[in-house]
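Engineer: Could you have a look at this structure, given as structure tokens, before my questions?
The values are calculated or read from the model by the stated rules, or taken from the named source; none is laboratory data. The structure presented is a predicted model; accordingly, all values stated were derived computationally and were not measured. Here the Cβ is made from the backbone with ideal geometry for all residues, glycine too, and neighbour counts use every protein chain on show.
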Amino acid sequence: MVGTTGKGGATPVKRIKDVIEAFLRSPTIARRKRFDGIEDAWAFIVGEQLAAATKVAGVRRSVLTVEVESAAVRHELEVLRRDEILERIRTLLPRADIIRVRYQMKSPGGRSGRDRS
């Protein structure tokens, strides 16, 4: 199909279906879908009690960042259950391609601290 632009030139007109499909295949949307899958599964991966004390903050370069409410929760996740959590993520969400989980303390105002790693 060909449409006209306001300046007399012709420009191809794309079907809305094609535009939406291309958008959904874009890297940004793929990353968002990967993040949503982890966020949705987090309570199942770590359990309701730990999920209530944490928040999935994001995924960058295959590293999942999780905010934690206390040092005790961070220790349990980072030290005591590290391998188990990573294995569950890889088993339940193989397309997420997570190679590491990074835990950071929530800041007092509820906003996340800066990711410095």
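Engineer: If a residue has to be of a type outside the set (Gly, Ala, Ser) and farther than 11 Å from Arg102 by Cβ to count, how many in segment 34-78 make the cut?
Structural biologist: Of the residues in segment 34-78, 20 are of a type outside the set (Gly, Ala, Ser) and farther than 11 Å from Arg102 by Cβ.
Engineer: So, of the residues in segment 86-111 that are more than 15 Å from Glu67 (Cα to Cα) and of a type in the set (A, V, I, L, M, F, W, C), which turns out to be modelled with the lowest pLDDT?
Structural biologist: That would be Ala96.
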